[in-house]
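J.: The structure that follows is given in the form of structure tokens.
The values are calculated or read from the model by the stated rules, or taken from the named source; none is laboratory data. The structure presented is a predicted model; accordingly, all values stated were derived computationally and were not measured. Cβ coordinates were reconstructed from backbone atoms using ideal geometry, including for glycine residues, and neighbour counts include every protein chain displayed.
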Amino acid sequence: MGLFQAFQLGLQDIRCHIVDSLPHEGGQCAELYGDKPIYDIPGLPRCTGHELIERLRTQVKPFAPVFHGGQSVSRLTPQGEGFAVQTSQGSLFQARCVVIAAGVGAFEPRSLPQAAFKTLHGQQVFFAGQEPSVFAAQDCLVVGGDAGAIEAALQLCGASPGLGPRQVGLMHRRDAWDAPSELIARLRHAVQTGALALHIGQLTEPALHGHRMHSVQWLDSAGAAHDLPCTAIWVQLGLSPQLGPIAQWGLAMQRKQLVVDSASFATSMAGIFAVGDINTYPGKQKLIVCGFHEATLAAFAIANHLRPNTHTTLQYTTTSSHLHRLLGVDGR
């Protein structure tokens, strides 16, 4: 919804930055429905999440929003006539208004449930998006059962000699995979050739020497315990939405959703708006088409907030020469 919000703000001649916890544009739509068909977008009988995001990217291009991927807003502080915004990666900028289009929350990697592994995060336990070079000369274990986990394991197996891990293992709780058949076939071939070791079971705890992991304990499907040499784990368990710092910003909430005025989609704090699944109001329906409506009304409300002494005139993209100039089209 952030991309369409940026487009609607552009029609009001308002430029914006987009901050997303994912490294790519598209948010919830790309992450949850990337390859799944969507049938209720006006004028598009059928499209996937990725196809919709690509169309939204093209649509917003004239307004060139600045994208900050792989980070989330960690601090939001009222300052002057707007807000000081700080991200989890240390980016700082000022914003006159803020629109929260966080869907069901910021997506964060699912971690291993055992507390003992948490102390190794960023040192010997890594997550999706990690540069594979960190696993060079390591006894590496990939944990997960979807296409991303299989691709990660095969990527490590295919590393050039001397640049890849000493050995590569893939662990999943059962021998069933959420991945295309051709990818599963590549997995089976790598196991048969000895390039990849397959472990069906679950991790229990790391074995440490000092503060360094040298092996892991795990249980197979029959409940038997094993010790596996391991100096690096690449966790590929997917992403989980978390409300995160939003809950600490003092905004009125109901059941982990932001309460908004349905005429403007303003939250309880002046200058902060919320659209999409993150908000709630009487009659709320969690449909993507409703989110487009919310983003449109929020853009008009933001224009009125930023320019209180200027009347915001309703204009149509079919006939307005002003909107044509903003869009970079001749309108003919």
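J.: State the number of residues belonging to region 95-109 that are buried (at least 16 other Cβ atoms within 10 Å of the Cβ) and at pLDDT below 90. Write out each step before concluding.
T.: Narrowing region 95-109 to residues buried (at least 16 other Cβ atoms within 10 Å of the Cβ): 95, 97-107, 109.
Checking the rest, the ones that are also at pLDDT below 90 come to 102-107, 109.
Of the residues in that region, 7 qualify.
J.: Just to be sure before I move on: is residue 240 among the small types (Gly, Ala, Ser) and over 28 Å from the mean Cα position of the chain (by Cα) in the structure I sent?
T.: So residue 240 does not fit the description; no.
J.: Scan (1) at pLDDT below 95; (2) more than 18 Å from the chain's Cα centre (by Cα); (3) surrounded by fewer than 19 Cβ atoms within 10 Å (Cβ to Cβ) for the single condition residue 71 breaks and write down its number.
T.: Of everything listed in (1) at pLDDT below 95; (2) more than 18 Å from the chain's Cα centre (by Cα); (3) surrounded by fewer than 19 Cβ atoms within 10 Å (Cβ to Cβ), residue 71 misses just condition (2).
J.: Can you tell me how many residues in region 160-203 are touching a Gly at 6+ places or on another chain (Cβ under 6 Å) and polar (S, T, N, Q)?
T.: Number satisfying all stated conditions: 0.
J.: Answer yes if at least one residue in region 260-272 is outside the structural domain of residue 147 (by TED's automatic domain parsing), assigned to a strand (DSSP E or B) and within 27 Å of the chain's Cα centre (by Cα), and no otherwise.
T.: Yes, region 260-272 contains at least one residue that is outside the structural domain of residue 147 (by TED's automatic domain parsing), assigned to a strand (DSSP E or B) and within 27 Å of the chain's Cα centre (by Cα).
J.: Give the residues of region 156-179 that are surrounded by fewer than 16 Cβ atoms within 10 Å (Cβ to Cβ) and within 22 Å of the chain's Cα centre (by Cα), sorted by residue number.
T.: Of everything in region 156-179, just one residue is surrounded by fewer than 16 Cβ atoms within 10 Å (Cβ to Cβ) and within 22 Å of the chain's Cα centre (by Cα), namely 178.
J.: Then there's this: Among 133, 88, 111, which is the only one that is within 24 Å of the chain's Cα centre (by Cα), closer than 30 Å to residue 270 by Cα and of a type in the set (Gly, Ala, Ser)?
T.: 88
J.: Something else about it: What's the number of the condition residue 53 fails, among (1) surrounded by fewer than 19 Cβ atoms within 10 Å (Cβ to Cβ); (2) farther than 30 Å from residue 202 by Cα?
T.: It is condition (1) that residue 53 fails.
J.: Which condition breaks for residue 89 when tested against (1) in a helix (DSSP H, G or I); (2) loosely packed, with under 15 Cβ neighbours inside 10 Å; (3) of a type in the set (S, T, N, Q); (4) at pLDDT below 95?
T.: In the conditions (1) in a helix (DSSP H, G or I); (2) loosely packed, with under 15 Cβ neighbours inside 10 Å; (3) of a type in the set (S, T, N, Q); (4) at pLDDT below 95, residue 89 misses (1) alone.
J.: Can you go through 28, 79 and tell me which one is in contact (Cβ under 8 Å) with a residue 60 or more places away in the chain, assigned by TED's automatic domain parsing to the domain that holds residue 321 and touching a strand residue (DSSP E or B) at 6+ places or on another chain (Cβ under 8 Å)?
T.: 28
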